[in-house]
Amino acid sequence: MSQTDRIQQRLGLAFNRPSLLVEALTHPSYLNENPGLRAASYQRLEFLGDAILGSVTALELFQRYPELSEGELTKLRSHLVQERSLACIAAELGLGDYLDMGRGEEASGGRCRDSNLAAALEALIGAVHLDQGADIAKTLILDLVADEIKRAEKSGAPQDPKSQLQEMVQAGGGEPPHYRVVNAEGPDHSRTFTVEVLVENRVLGSGSGKRKLDAERGAASRAIEAFTSSSASQR
(Lines give C-alpha, C1' and ligand atoms only; values in the text may rest on other atoms or scores of the structure.)
Protein backbone atom coordinates (compact mmCIF):
# COMPACT_ATOMS: atom_id res chain seq x y z
CA MET A 1 0.00 0.00 0.00
CA SER A 2 1.40 3.39 -0.99
CA GLN A 3 1.86 6.36 1.35
CA THR A 4 -1.07 8.18 -0.24
CA ASP A 5 -3.28 5.10 0.08
CA ARG A 6 -2.44 4.83 3.76
CA ILE A 7 -3.24 8.45 4.59
CA GLN A 8 -6.49 8.25 2.62
CA GLN A 9 -7.43 5.16 4.61
CA ARG A 10 -6.53 6.95 7.82
CA LEU A 11 -8.75 9.91 6.88
CA GLY A 12 -11.55 7.78 5.47
CA LEU A 13 -11.37 9.63 2.14
CA ALA A 14 -10.75 8.67 -1.48
CA PHE A 15 -9.21 11.50 -3.51
CA ASN A 16 -10.52 12.09 -7.00
CA ARG A 17 -7.21 13.75 -7.85
CA PRO A 18 -4.46 11.92 -5.96
CA SER A 19 -1.95 14.43 -7.31
CA LEU A 20 -3.37 17.00 -4.88
CA LEU A 21 -2.62 14.69 -1.97
CA VAL A 22 0.89 14.06 -3.27
CA GLU A 23 1.43 17.82 -3.47
CA ALA A 24 0.14 18.29 0.08
CA LEU A 25 2.69 15.76 1.33
CA THR A 26 5.72 17.15 -0.54
CA HIS A 27 8.13 19.23 1.54
CA PRO A 28 10.07 21.92 -0.39
CA SER A 29 13.37 20.24 0.49
CA TYR A 30 12.39 17.17 -1.54
CA LEU A 31 12.13 19.26 -4.70
CA ASN A 32 15.37 21.07 -3.89
CA GLU A 33 17.17 17.73 -3.85
CA ASN A 34 15.30 16.46 -6.92
CA PRO A 35 15.28 19.46 -9.29
CA GLY A 36 14.25 17.35 -12.29
CA LEU A 37 10.82 16.55 -10.87
CA ARG A 38 7.86 18.34 -12.40
CA ALA A 39 6.01 18.72 -9.13
CA ALA A 40 5.02 21.30 -6.54
CA SER A 41 5.56 21.44 -2.80
CA TYR A 42 2.82 21.91 -0.23
CA GLN A 43 3.36 25.68 0.10
CA ARG A 44 0.46 26.88 -2.07
CA LEU A 45 -1.95 24.38 -0.51
CA GLU A 46 -0.69 25.43 2.91
CA PHE A 47 -1.72 29.01 2.12
CA LEU A 48 -5.20 27.87 1.13
CA GLY A 49 -5.62 25.49 4.06
CA ASP A 50 -4.58 28.16 6.55
CA ALA A 51 -7.34 30.48 5.31
CA ILE A 52 -9.99 27.72 5.31
CA LEU A 53 -8.97 26.51 8.77
CA GLY A 54 -9.23 30.01 10.20
CA SER A 55 -12.64 30.60 8.64
CA VAL A 56 -14.15 27.28 9.71
CA THR A 57 -12.91 27.50 13.29
CA ALA A 58 -14.02 31.12 13.64
CA LEU A 59 -17.56 30.29 12.47
CA GLU A 60 -17.76 27.21 14.69
CA LEU A 61 -16.69 29.11 17.79
CA PHE A 62 -18.97 32.05 16.99
CA GLN A 63 -21.99 29.77 16.72
CA ARG A 64 -21.07 27.44 19.58
CA TYR A 65 -20.29 30.13 22.18
CA PRO A 66 -22.74 33.04 21.85
CA GLU A 67 -21.83 34.18 25.36
CA LEU A 68 -18.13 34.77 24.63
CA SER A 69 -16.75 38.22 23.86
CA GLU A 70 -14.69 39.06 20.79
CA GLY A 71 -11.49 38.87 22.83
CA GLU A 72 -12.38 35.48 24.28
CA LEU A 73 -13.28 34.09 20.85
CA THR A 74 -10.04 35.43 19.40
CA LYS A 75 -8.00 33.83 22.18
CA LEU A 76 -9.69 30.47 21.68
CA ARG A 77 -9.36 30.54 17.89
CA SER A 78 -5.69 31.54 18.17
CA HIS A 79 -5.06 28.54 20.38
CA LEU A 80 -6.79 26.14 17.99
CA VAL A 81 -4.91 27.30 14.89
CA GLN A 82 -1.51 28.05 16.40
CA GLU A 83 1.42 26.08 15.07
CA ARG A 84 1.94 23.97 18.19
CA SER A 85 -1.72 22.86 18.31
CA LEU A 86 -1.70 21.96 14.61
CA ALA A 87 1.58 20.10 14.98
CA CYS A 88 0.11 17.98 17.79
CA ILE A 89 -2.89 17.11 15.63
CA ALA A 90 -0.61 16.25 12.70
CA ALA A 91 1.55 14.08 14.96
CA GLU A 92 -1.52 12.15 16.11
CA LEU A 93 -2.27 11.46 12.43
CA GLY A 94 1.32 10.36 11.93
CA LEU A 95 1.53 12.93 9.14
CA GLY A 96 5.29 13.29 9.41
CA ASP A 97 5.72 9.69 8.30
CA TYR A 98 3.90 10.37 5.03
CA LEU A 99 5.94 13.41 3.96
CA ASP A 100 8.35 13.34 1.04
CA MET A 101 11.32 15.43 2.15
CA GLY A 102 14.98 15.88 1.42
CA ARG A 103 17.59 13.76 3.15
CA GLY A 104 19.11 16.78 4.87
CA GLU A 105 15.77 17.94 6.27
CA GLU A 106 14.94 14.45 7.47
CA ALA A 107 18.36 14.00 9.10
CA SER A 108 17.86 17.23 11.06
CA GLY A 109 14.58 16.01 12.57
CA GLY A 110 12.28 17.45 9.92
CA ARG A 111 9.61 14.78 10.28
CA CYS A 112 9.00 15.85 13.88
CA ARG A 113 9.46 19.61 13.43
CA ASP A 114 6.39 21.60 14.46
CA SER A 115 6.58 23.99 11.51
CA ASN A 116 6.66 21.11 8.98
CA LEU A 117 3.82 19.22 10.66
CA ALA A 118 1.59 22.28 10.95
CA ALA A 119 2.28 23.29 7.34
CA ALA A 120 1.53 19.79 6.05
CA LEU A 121 -1.74 19.68 7.98
CA GLU A 122 -2.84 23.00 6.52
CA ALA A 123 -1.85 21.79 3.05
CA LEU A 124 -3.85 18.61 3.58
CA ILE A 125 -6.90 20.69 4.50
CA GLY A 126 -6.41 22.75 1.35
CA ALA A 127 -6.15 19.61 -0.76
CA VAL A 128 -9.30 18.11 0.76
CA HIS A 129 -11.19 21.35 0.12
CA LEU A 130 -10.22 21.38 -3.56
CA ASP A 131 -10.79 17.68 -4.11
CA GLN A 132 -13.75 16.85 -1.88
CA GLY A 133 -15.47 20.20 -1.48
CA ALA A 134 -16.09 22.70 1.30
CA ASP A 135 -18.47 20.52 3.33
CA ILE A 136 -16.08 17.57 3.58
CA ALA A 137 -13.21 19.91 4.43
CA LYS A 138 -15.30 21.51 7.17
CA THR A 139 -16.19 18.11 8.61
CA LEU A 140 -12.52 17.12 8.60
CA ILE A 141 -11.43 20.33 10.34
CA LEU A 142 -14.05 20.08 13.07
CA ASP A 143 -13.13 16.46 13.65
CA LEU A 144 -9.43 17.37 13.94
CA VAL A 145 -9.97 20.18 16.47
CA ALA A 146 -12.79 18.47 18.41
CA ASP A 147 -10.59 17.31 21.30
CA GLU A 148 -9.04 20.76 21.76
CA ILE A 149 -12.48 22.38 21.78
CA LYS A 150 -13.65 19.90 24.42
CA ARG A 151 -10.62 20.67 26.58
CA ALA A 152 -11.29 24.38 26.21
CA GLU A 153 -14.92 23.89 27.27
CA LYS A 154 -13.73 22.34 30.53
CA SER A 155 -10.84 24.62 31.43
CA GLY A 156 -10.87 27.53 28.99
CA ALA A 157 -8.28 28.25 26.34
CA PRO A 158 -4.76 27.69 27.66
CA GLN A 159 -2.90 30.86 28.51
CA ASP A 160 -0.57 32.14 25.83
CA PRO A 161 2.88 30.71 26.68
CA LYS A 162 4.55 34.11 26.30
CA SER A 163 2.22 35.62 28.89
CA GLN A 164 2.61 32.60 31.15
CA LEU A 165 6.42 32.76 30.97
CA GLN A 166 6.44 36.47 31.71
CA GLU A 167 4.27 35.94 34.78
CA MET A 168 6.53 33.14 36.02
CA VAL A 169 9.69 35.21 35.57
CA GLN A 170 8.32 38.38 37.10
CA ALA A 171 6.83 36.47 40.03
CA GLY A 172 10.42 35.68 40.97
CA GLY A 173 11.47 39.30 40.64
CA GLY A 174 13.16 38.92 37.27
CA GLU A 175 13.11 41.17 34.21
CA PRO A 176 10.69 40.36 31.35
CA PRO A 177 11.92 37.69 28.90
CA HIS A 178 13.71 38.88 25.77
CA TYR A 179 13.19 37.23 22.36
CA ARG A 180 15.68 37.29 19.50
CA VAL A 181 15.60 35.87 15.99
CA VAL A 182 18.66 33.67 15.45
CA ASN A 183 17.80 32.32 12.00
CA ALA A 184 15.41 32.92 9.10
CA GLU A 185 15.45 30.67 6.07
CA GLY A 186 13.34 30.02 3.01
CA PRO A 187 11.76 32.29 0.39
CA ASP A 188 10.09 35.52 1.49
CA HIS A 189 6.57 34.08 1.13
CA SER A 190 7.36 31.02 3.23
CA ARG A 191 10.13 31.77 5.73
CA THR A 192 10.83 29.72 8.80
CA PHE A 193 12.04 31.69 11.81
CA THR A 194 14.04 30.35 14.73
CA VAL A 195 13.80 32.36 17.93
CA GLU A 196 15.50 32.10 21.30
CA VAL A 197 14.10 33.43 24.56
CA LEU A 198 16.50 34.81 27.13
CA VAL A 199 15.93 35.46 30.82
CA GLU A 200 18.67 37.45 32.52
CA ASN A 201 20.89 36.91 29.46
CA ARG A 202 20.49 33.13 29.66
CA VAL A 203 18.88 31.17 26.81
CA LEU A 204 16.04 29.11 28.26
CA GLY A 205 14.36 27.88 25.10
CA SER A 206 14.12 28.07 21.35
CA GLY A 207 11.33 27.58 18.84
CA SER A 208 10.67 27.76 15.13
CA GLY A 209 7.69 28.72 13.01
CA LYS A 210 6.41 30.32 9.84
CA ARG A 211 5.61 33.44 11.86
CA LYS A 212 7.88 35.09 14.41
CA LEU A 213 5.00 34.94 16.90
CA ASP A 214 4.71 31.16 16.55
CA ALA A 215 8.47 30.79 16.97
CA GLU A 216 8.35 32.99 20.09
CA ARG A 217 5.50 30.94 21.53
CA GLY A 218 7.45 27.75 20.89
CA ALA A 219 10.51 29.20 22.62
CA ALA A 220 8.37 30.30 25.57
CA SER A 221 6.86 26.81 25.88
CA ARG A 222 10.33 25.25 26.03
CA ALA A 223 11.38 27.82 28.64
CA ILE A 224 8.33 27.02 30.76
CA GLU A 225 9.29 23.34 30.61
CA ALA A 226 12.80 24.27 31.76
CA PHE A 227 11.40 26.40 34.58
CA THR A 228 9.06 23.61 35.68
CA SER A 229 11.80 20.95 35.61
CA SER A 230 14.16 23.22 37.55
CA SER A 231 11.54 23.95 40.20
CA ALA A 232 10.71 20.25 40.56
CA SER A 233 14.37 19.28 41.02
CA GLN A 234 14.80 21.86 43.76
CA ARG A 235 12.00 20.45 45.88
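The values are calculated or read from the model by the stated rules, or taken from the named source; none is laboratory data. All of these numbers come straight from a predicted model, not from anything done at the bench. Ideal geometry is used to build each Cβ from the backbone, glycine not excepted, and the neighbour counts take in all protein chains shown.
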(request) Go over the candidates L25, L61 one by one and state the one that is modelled with pLDDT of 90 or more and within 12 Å of L121 (Cα to Cα). (result) L25
(message) Are there strands (runs of 3 or more DSSP E) fully within the stretch 170-209 with at least 3 residues that are surrounded by 19 or more Cβ atoms within 10 Å (Cβ to Cβ) and either assigned by TED's automatic domain parsing to the domain that holds R44 or of a type outside the set (D, E) (or both)? List them.
(response) 192-199, 202-209
(request) Within the stretch 84-98, identify whether any single residue is within 12 Å of the chain's Cα centre (by Cα), part of a helix (DSSP H, G or I), touching a residue at least 60 places away in the same chain (Cβ under 8 Å) and within 30 Å of L68 (Cβ to Cβ), and answer yes or no. (result) yes
(request) Mind listing whichever residues of the stretch 90-105 are crowded, with 19+ Cβ neighbours inside 10 Å and of a type outside the set (D, E, K, R)? (result) A90, L95, G96, Y98, L99, M101
(message) Which numbered condition in (1) surrounded by fewer than 17 Cβ atoms within 10 Å (Cβ to Cβ); (2) aliphatic (A, V, I, L, M); (3) in contact (Cβ under 8 Å) with a residue 24 or more places away in the chain is the only one that A24 fails?
(response) (1)
